[in-house]
1. Among the residues of region 16-36, is any among the aromatic types (Phe, Trp, Tyr), more than 24 Å from the chain's Cα centre (by Cα) and open to solvent by less than 30 Å² (accessible area, probe 1.4 Å)?
2. Restricting the search to region 188-208, which residues are part of a strand (DSSP E or B) and open to solvent by 10 Å² or more (accessible area, probe 1.4 Å)?
3. For the list (1) over 17 Å from the mean Cα position of the chain (by Cα); (2) surrounded by 21 or more Cβ atoms within 10 Å (Cβ to Cβ); (3) among the charged types (D, E, K, R), I need the number of the one condition that Arg262 fails.
4. Among the residues in region 159-175, are any part of a loop (DSSP other than H, G, I, E, B) and within 21 Å of Thr261 (Cβ to Cβ)?
5. Hey, can you tell me all the residues within region 353-387 that are touching a residue at least 60 places away in the same chain (Cβ under 8 Å), assigned to a strand (DSSP E or B) and touching an Asp or Glu at 6+ places or on another chain (Cβ under 8 Å)?
6. Give, as residue ranges, the helices (runs of 4 or more DSSP H) completely inside region 1-112 that count at least 2 residues that are free of Cβ contacts under 8 Å to residues at least 40 places away in the same chain.
7. Please count how many residues of region 209-242 are of a type in the set (Val, Ile, Thr) and part of a helix (DSSP H, G or I).
8. Can you name the residue in region 93-150 that is among the hydroxyl-bearing types (Ser, Thr, Tyr) and surrounded by fewer than 24 Cβ atoms within 10 Å (Cβ to Cβ) and, of all such residues, is farthest from Leu175 (Cα to Cα)?
Amino acid sequence: MIHRGPELGMEIPAMDVTSFVFEHAGDHLDRPALIDGPSGRTLTYAQLLTAIDSFAAGLHARGFGAGDVLAVYMPNLPEYAIAFHGANRAGGLCTTANPLYTANELGHQLKDSGATLMLTVPGFLEVAQEAAAHAGIEVIVVGEADGVETFESLLADPAGAPDVSVDPAEDLAVLPYSSGTTGLPKGVMLTHRNLVANLIQTQGAQEVADGEVVIGCLPFFHIYGMIVVMNLGLRNGATIVTMPRFDLEQFLELIESHKVTRGYVVPPIALALAKHPAVDGRDLSSMKTIMCGAAPLGADLAQAVTDRLQCNVTQGYGMTETSPVTHSVGNDPAKNKAGSIGPPLAATECRLVDPETGADVAPGERGELWIRGPQVMKGYLNNPEATAATVDPDGWLHTGDIAVVEDDGFFAIVDRLKELIKYKGYQVAPAELEALVITHPSVSDVAVIGVADEEAGELPKAFIVPSGEDFDAEQLMEWVAGQVSPQKRIRLVEQVTEIPKSPSGKILRRILVEQERAKASAG
């Protein structure tokens, strides 16, 4: 059974993403486009457009052109938007790199992407230079560093920005890296059409209003921050307040001081908003909408944030490979459904498929989510095998996520295909247990995995970050047992100081699994 979103209502324009994002910028040239949160440094839309053309002109003067790749290895700063759109304006594209990467990890991306130039900041320079040396490329720094060309020195007369021709359906706009459903990070080829289509689709669900103030706390190197925060905000004339790194106190301060109206977050931030005492006494009344993505947000936690902040908390779903959004709950609180990722976006088709039989499942039953639409990637760079394993010949992208759909057409992500726990033949979803356990007052954070057991196959084990010193593991297991069926009971508990997570907030269960396997082999 194919579940379809509504009609798009318009043709996807044959435009490059930079032209599309700034199509209406002339209507608000004096408005702040980007504000650096820590310093207050501000770029208006007029200044941003000039800087983009200046950067494009400087790149063009260096011979950077059609198909060339600029690596961006830095935190959220106003210059991120200049780099992203300046590279596109010059006819090339960006590959965006995780600021937490080691030199080896960064070097792999530089070589694999074919980057010819890298932009970074002084604090990241040592790693950047080591990686760049291996890849044989130059480094440019935003700021000052001895012996390194600066971003400012690269800016040229904006009149020198080249007049480039782009094929939106074929030419790449950005090359982020993703592990996909399995394996090492791979370059995700996203075209101008992919991004333009998804900006239209996401706006249809999110309805970002002209002049909103958006908090840019999610990393712009990640597709969620890059498209849904930075580019959707700029497309709609928003002011984006950027944060180089997430700090809860600063996050709350910036919401207060800039009267932020919209926040895009990941579950760890939602958890802090629901439980952390730092929120007490803050005036967050300007915040009207919070959207959570990148990992499942349980219904109880979503409701806790709603109750505490008195704003609409919604959820969406997507992947780097889908530019990224495929599902979203809209802004209307009356149509919100806690714990749901919402219906498919416009022009998006999806199926739920039994991974063992390949047959579509009925509403209310679990199945792997498959996606088809104009936002689906062109493929993985130089990796036809991985592309074929992810996108089938009929254009369906196999997400590796397990979902259910109810009769109202709203979907919910219940787990990852590879992370389901098999307890005596029953499938147990870690995310379901995590969503329950996190509501317990003695729990600050939690991750659940399956650990090998001779009799049961696997036992659900919870790794708990306690919220206080009086944590009682036995009491917690009894509490969970009273609310779930027998196969879902937590059988083992380990206290930890931190849950391993990706920069986008996804729980890295594989790290915990590897640790458990190492313990088992050592013991």
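The values are calculated or read from the model by the stated rules, or taken from the named source; none is laboratory data. Since the structure is predicted, the reported quantities are computational estimates derived from the model, not experimental observations. Glycine gets a Cβ as well: all are built from the backbone with ideal geometry, and neighbour counts include every protein chain shown. SASA here: full protein model, heavy atoms, side chains in, ligands and nucleic acids out. Shrake-Rupley method; radii C 1.70, N 1.55, O 1.52, S 1.80 Å.
1. There is no residue in region 16-36 that is among the aromatic types (Phe, Trp, Tyr), more than 24 Å from the chain's Cα centre (by Cα) and open to solvent by less than 30 Å² (accessible area, probe 1.4 Å).
2. Passing the criteria: only Met189.
3. (1)
4. Looking for residues that are part of a loop (DSSP other than H, G, I, E, B) and within 21 Å of Thr261 (Cβ to Cβ), one finds none in region 159-175, hence no.
5. Asp360
6. 45-61, 78-89
7. Taking region 209-242 as the starting set, the residues that turn out to be of a type in the set (Val, Ile, Thr) are 213-215, 223, 227-229, 239-242.
Adding the requirement that they be part of a helix (DSSP H, G or I) leaves 223, 227-229.
Qualifying residue count for the region: 4.
8. Thr150
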